[in-house]
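The values are calculated or read from the model by the stated rules, or taken from the named source; none is laboratory data. All values derive from a computational prediction rather than experimental measurement. Cβ: placed from backbone, ideal geometry, glycine included. Neighbour counts: every protein chain shown.
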Amino acid sequence: MWMAVSYGSWAISAVLGIWMLYDWFQIDTSFSEEVLTSSREGEIEAVAEKHRV
Amino acid sequence: MSIALEPTVHGDRVSLLRVLGPGHVWALGVGIVLVGEFTGWNFSADKGGALAALIVCWLVGLLYTSVAMIDSEVTSTVAAAGGQYAQAKHIVGPLMAFNVALYLVFAYTMLEVSDAILLGDTIVAKAGVEGLTHNSFIAATIVVLAWLNYRGVLMTLNVNFVITAIAYISIVILFFAVSPWTQGAVLQLNELVTPANALPYGWIGVIAAFQFGIWYYLGIEGTTQAAEEVRSPARSLPYGTMAGMITLLIAAAMTWYVCASLMPWEYLGVTYYPLWDAGKLTGSAFLENLLFIATLLAALASANGCINDAARAWFSLGRDRYLPSWFSAVHPRYRTPYRSILFLLPIALAFAFIADLNQAITFSILSGVLQYTFMSINIIMFRRKWPLNSIRRGYTHPFHPVPAVVLFCLCVVTFFAIFLGFGSQLIAMVTFYFLISLWFHFYRYKFVRRGEQFTMPWPRPQGY
């Protein structure tokens, strides 16, 4: 039974690994690099925080 | 959640998703740490005896309470992914920030590796089947959890909440099942810890025990990595972190009491499964199986949180161009730092297959203690540059600078303890960080957009 669980673990790892690689490829080819890397640190805080004590 | 199913681009920006609450922060912090009760802390008994393991439980508890208090104050103000990295960048400077981010990535990746190895070894030990190795279980742990992290932070930390709570409740069930109020019925503390064997190596043994006493609480500071994904950072981060620390102090005390009352220190100090063994020693099949499952769940929760945190630290380095900005990509559907998660995945797998558990644990502890040392200096600088009434804080920790001084002193003791046990690794890691700092200063920093990296809308620091 444990050997079957072990083989199953390899199979799940392979399937999910391939899925992530496929999704990565799909996303990188569907969106521009500017959009994907457009996140900026502290954007929300910059709007919300006025720092008037 | 519907927002995770369709590409979500606000204007021309894609950012991490703000969906987390204090419970998720608790799940992230306690989830990373709780595995330390199931294995790790007990090696301190090997260094100094059962009483030394209890003394470091309290003293290291003091160290981490200081960490939690300091972290809560700074992070409730610098609410950005990267946690201590973002703090270091704004308060100390870019070179410190680069080093802190590397401490974070090393500490969490090595802890993830240790968790995966522990999980694999636990299953192999339970199965007792000849020819069965831990490799498939290690691979599945790392890949499945990376996939979960890839798909979204909300589900990742919901899962962490549930499995951490089950693992924690199992410790509570074990504690009450052995009638802790009646010595001699099941527990034998008076016979197992006597004045003759309580500190077999004297007080130097207590200092040496710091090296593994760290495992009672290692990783609680990871809550800050969620800063950019919680709905209310100023409220959720202090609540989640402090509640997590209280939870862990209770768990650590219960764990020591039950284990030290069931096993002689010579065995307690070398076993890889102190709580699972405690379950076996009660003679109850239910408790044995419960603690076996809880050990697996604690390892899973820890690895899950570590993947989350290491990826955010790496992502933050890319976003500020301390590393190639390619790493700063956010998945437009799942709103996760997917390239950072994928980049760190094969690194974790490689270490898990080639490193042994002790080496991985030591690298994780070393990077963690370097980070705590920084935090003690960081809070002093933070209070000096931006005194209490100059900027708004979500939480203000009491008794400043006592926690900072206590933290620094306990870090020095821990470094000495690590030097006693793993001196060559300590020197190798410090050398590595020195060389990588030279690389950053003389080569990489010219790619950084210097003005854009400081994002907090704070007034000019005092004295500048």
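Per-structure values
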read-out	value
Selection count, the range B:276-292, where residues are touching a Phe, Trp or Tyr at 6+ places or on another chain (Cβ under 8 Å) and small (Gly, Ala, Ser)	1
Cross-chain or 6+ apart pairs with Cβ under 6 Å, the range B:292-321 first and within 12 Å of chain A (Cβ to nearest Cβ) and on the phi < 0 side of the Ramachandran plot, then surrounded by 24 or more Cβ atoms within 10 Å (Cβ to Cβ) and not aliphatic (A, V, I, L, M)	B:Arg312/B:Gln225; B:Phe315/B:Ser328; B:Phe315/B:Pro337; B:Phe315/B:Ser340; B:Ser316/B:Gly82; B:Ser316/B:Tyr85; B:Gly318/B:Ser328; B:Arg319/B:Ser328
Condition met for B:Thr373 (over 28 Å from A:Gly17 (Cα atoms), of a type in the set (Val, Ile, Thr), in contact (Cβ under 8 Å) with a residue 12 or more places away in the chain and more than 12 Å from every other protein chain (Cβ to nearest Cβ))	yes
Spans of helices (runs of 4 or more DSSP H) in the range B:129-242 with at least 2 residues within 23 Å of B:Leu349 (Cβ to Cβ) and not aromatic (Phe, Trp, Tyr)	B:135-151, B:153-177
Unique residue being surrounded by fewer than 15 Cβ atoms within 10 Å (Cβ to Cβ) and out of contact with any strand residue (DSSP E or B) (no Cβ under 8 Å at 6 or more places or on another chain) when the list is B:Arg450, B:Arg444, B:Arg393	B:Arg450
Residues that are small (Gly, Ala, Ser) and surrounded by fewer than 22 Cβ atoms within 10 Å (Cβ to Cβ), drawn from the range B:206-238	B:Ser232, B:Ala234
Residues of the range B:325-351 that turn out to be hydrophobic (A, V, I, L, M, F, W, C) and within 12 Å of chain A (Cβ to nearest Cβ), as a count	9
Qualifying residue in the range B:41-51 (condition: acidic (Asp, Glu) and over 26 Å from B:Ala311 (Cα atoms))	yes
Residue within the range B:141-154 that is within 23 Å of B:Phe327 (Cβ to Cβ), touching a Ser or Thr at 6+ places or on another chain (Cβ under 8 Å), within 14 Å of chain A (Cβ to nearest Cβ) and among the polar types (S, T, N, Q) present	yes
Meets criteria (surrounded by 17 or more Cβ atoms within 10 Å (Cβ to Cβ), at pLDDT 95 or above, over 17 Å from the mean Cα position of the chain (by Cα) and more than 30 Å from B:Trp386 (Cβ to Cβ)) for A:Ser13	no
Pairs where the first residue, in the range B:265-282, is basic (Lys, Arg) and the second is surrounded by fewer than 24 Cβ atoms within 10 Å (Cβ to Cβ) and not in a helix (DSSP H, G or I), C-beta under 9 Å, 6+ apart	B:Lys280/B:Tyr273
Pick from the range B:91-121, criterion surrounded by fewer than 22 Cβ atoms within 10 Å (Cβ to Cβ) and within 14 Å of chain A (Cβ to nearest Cβ), ranking: farthest from the chain's Cα centre (by Cα)	B:Pro94
Per-region count, the range B:122-139, residues among the aliphatic types (A, V, I, L, M), within 8 Å of another protein chain (Cβ to nearest Cβ) and surrounded by 21 or more Cβ atoms within 10 Å (Cβ to Cβ)	2
